[in-house]
Amino acid sequence: MNETANTTPQPDTPPASEAQTASTATGAAQGTSGSAQAPAADLAAVEEKLAAAKKEAAENYDRYVRLAADMENLRKRVVREKDELRQFAAGRVLEDLLPVLDNLGLGLSAAKAPNADLKNLVGGISMVLEQLKGALANHGLKDIHPQGRPFDPNLHEAISSQASSETPEGSVLQVVRTGYLLNGRLLRPASVIVSTGAAHETVV
């Protein structure tokens, strides 16, 4: 009898394993929602950076195109200015040579006259030659005529050598063709004959 009186019904309690499973499922659902939001935020940031990079690249390309166009325009302008400068420089030289041409024409007409005086013609030609040299000298041309001076391979071109008792050995005995400098730069070397000094007689 006592055993029957003490026996009371107990409320149904879910097994421990079922409670843990429910808790784990709830946590997993919350974690999945959070992880889904994180990649979306990262994707938005990446897209924003990509858009900024594309904009910067477009601006850089635009600057490059403008710079390339400016460089091409500069190159064309330099070429044009150099060509104009060359034409202008040639014009100045020719302008200074026009009086020389005029005097040469007058000298030729005088030489064709019936009673032409040879002495006057020679004097007139000499004057025209000096006028021509002066005009060219105004534009930086200087002649190289090293008669009697030491031979300089930088300015002179030896075409032969010859003994001379008057000109020291290694000096220019004769100038065959005058050389020229243009603004200090060698334009044409002087062609010269170099002295080998006094001739030595062979004693027999």
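The values are calculated or read from the model by the stated rules, or taken from the named source; none is laboratory data. Remember, it's a predicted structure, so these values are computed and weren't measured experimentally. No Cβ is skipped: glycine too gets one built from the backbone with ideal geometry, and neighbour counts run over all protein chains shown. The protein model used for the area step is the full one, side chains on, heavy atoms only, and it has no ligands, DNA or RNA in it. Shrake-Rupley method; radii C 1.70, N 1.55, O 1.52, S 1.80 Å.
Side notes on the structure shown:
- Applying 0.36 nm per residue to the separation of MET71 and LYS133 and subtracting their alpha-carbon distance, the gain on full extension is 18.0 nm.
- Here's how it looks for ARG149: its modeled amide H is under 5 Å from those of VAL172, which are all 5 or more places away or on a different chain.
- For region 79-126 versus region 136-204, the gap between their alpha-carbon centres in whole angstrom: 29
- The string of couplings for region 125-134 from the Karplus curve (6.51, -1.76, 1.60, θ = phi - 60°) is 5, 4, 5, 5, 4, 5, 5, 5, 4, x Hz, one whole number per residue in order, with x for Gly and Pro.
- Counting protein heavy atoms only, region 49-204 has 58 percent of its accessible area on carbon and sulfur, 1.4 angstrom probe.
- Dipole in debye (nearest 20) - region 61-144, about Cα centre, beta carbon charges: Lys, Arg +1; Asp, Glu -1: 280
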